[in-house]
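Peer 1: Below is a structure I'd like to ask you about.
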Amino acid sequence: MKIPGIHHVTAIAGDPQRNLDFYAKVLGLRLVKLTVNFDDPGTYHFYFGDEAGRPGSILTFFPWKGAHPGRAGTGETALVSFAVPSLEGWAERLPDAVAGTRFGQDTIAFSDPDGMRLELVATGGEGSKITGFHGVTLAEVSRDKTAKLLTETFGYNLLASEGNRFRYASSAGDVVELLVQPEVKRGTQGSGSVHHVAFRAETDEIQNAWLLELNKLGYRTTDILDRQYFHSIYFREPGGVLFEIATDPPGFTFDETPETLGTHLKLPPWLEPRRGEIETMLPKLELPEYAG
Ligand code: ZN
């Protein structure tokens, strides 16, 4: 059993409209699902991704206007990296971005309006539209136990290292990098912070097998939770970052056609009776035009 890569990344934002405009208009991601935080239905939950809302392309946000900013540090995701075939045109779209290279790949680094650290990594080929995640970088006090989880349990391979940075890759090619910073204080979560990183399970049976395996290894996991578009279990990796294992099915076309993804507020059946009240509570939004 191997983890075939990242399923989604979930983060915390401030102003909803500002978040939506940045990811849809500046980065060109598609809003593939407009819903609410199931635990706090007066708050939106945005899902951005590729055209089809494919696992491995999904970045989600809980936007709270006036949210307290997080502080970067260890035990947290320090950087979310997107893959693009080429970086052509991005410097004009992101005038504050800083160009670099890592492990032989050209990158540009920038922040979203809430200060969340982002990066585009050139993976080769034609075009410059974001194709999905390249990976995440986790800031950690030490490496051994997290590395063991990634390699021995998840089936990732150590691809390369540079100083205090270690790159592990899934069989699908997306990466988790560990940035070992024993001198850095623990981070605190708030707007601009990644809340958790979710990894893929292809089926519910495989997720159940992961639940048993993680419990056998001594990880305390949640029960399997119904997130409407996938089923989830959560646990903390040894360095403190919250991990999730999320199923590919049923996916984002569970309650919308591929053409209409993200165009209407969707609620799970148990919140549908409260739609009127929820719509009144939610801040008004101007949805992006999806160009296809
Ligand atoms: Zn999640």
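Read-outs throughout are calculated quantities, based only on the coordinates presented, and are distinct from any laboratory measurement. Remember, it's a predicted structure, so these values are computed and weren't measured experimentally. Quick reminder, even Gly has a Cβ in these numbers, built from the backbone with ideal geometry, and neighbours come from all protein chains shown.
Peer 1: Just tell me which lysines come within less than 23 Å, Cα to Cα, of residue 216; anything on the same chain fewer than 8 places away is out.
Peer 2: Within reach: 2, 145, 148.
Peer 1: Now, a different point. Report the calculated FRET efficiency for residue 279 and residue 254 (r = Cβ-Cβ distance, R0 = 22 Å), to the nearest 0.05.
Peer 2: E(calc), rounded to 0.05, equals 0.55.
Peer 1: Between residue 188 and residue 270, how many nm apart are label points set 7 Å from Cα along the C-beta direction?
Peer 2: For residue 188 paired with residue 270, the spin-label model returns 3.2 nm.
Peer 1: Please list, ordered by chain and number, the residues whose modelled amide H lies under 5 Å from the amide H of residue 78; skip anything fewer than 5 residues away on the same chain.
Peer 2: Sorted by chain and number, the residues that satisfy this are 137, 138, 139.
Peer 1: What is segment 141-292 by shape, rounded, prolate or oblate, if you read a ≥ b ≥ c off the alpha carbon gyration tensor as root eigenvalues and call it rounded for a/c under 1.5, prolate for a/b larger than b/c, and oblate otherwise?
Peer 2: prolate
Peer 1: Hey, in the GNM for the chain with a 10 angstrom Cα cutoff, which one of 70, 100, 192 fluctuates hardest?
Peer 2: Maximum fluctuation in the GNM of the chain, among the listed residues, is at 100.
Peer 1: Given a Förster distance of 35 angstrom, what is the FRET efficiency for residue 40 paired with residue 209, based on the Cβ-Cβ distance and rounded to 0.05?
Peer 2: In this case the efficiency is close to 0.65.
Peer 1: Take the alpha-carbon centre of segment 111-156, take the same for segment 190-240, and report the distance between them in whole Å.
Peer 2: 18
Peer 1: With r defined as the distance between the Cβ atoms of residue 103 and residue 234 and R0 fixed at 25 Å, what FRET efficiency is calculated, to the nearest 0.05?
Peer 2: For residue 103 and residue 234, the calculated efficiency is 0.25.
Peer 1: What does a probe at residue 181 reach in segment 68-87, counting residues whose amide N is under 16 Å from the point 7 Å along Cα→Cβ?
Peer 2: 70-81
Peer 1: Tally the DSSP beta bridges in the chain and give the antiparallel ones as a percent, rounded to 5.
Peer 2: So the antiparallel bridges amount to about 65 percent of the total.
Peer 1: I've got another one for you. Pop a pseudo-label 7 angstrom from the Cα along the beta-carbon direction at both residue 25 and residue 93 and give the gap in nm to one decimal.
Peer 2: 1.4
Peer 1: Segment 64-171: which trypsin sites (Lys or Arg not before Pro) are DSSP loop and have at most 15 other beta-carbon atoms within 10 angstrom?
Peer 2: The qualifying sites are 65, 129.
Peer 1: So what J values fall out for segment 118-123 if you push phi through Karplus, 6.51 cos²θ - 1.76 cosθ + 1.60 with θ = phi - 60°, rounded to Hz, Gly and Pro as x?
Peer 2: Listing the rounded values in order: 10, 8, 10, 10, 7, 10 Hz.
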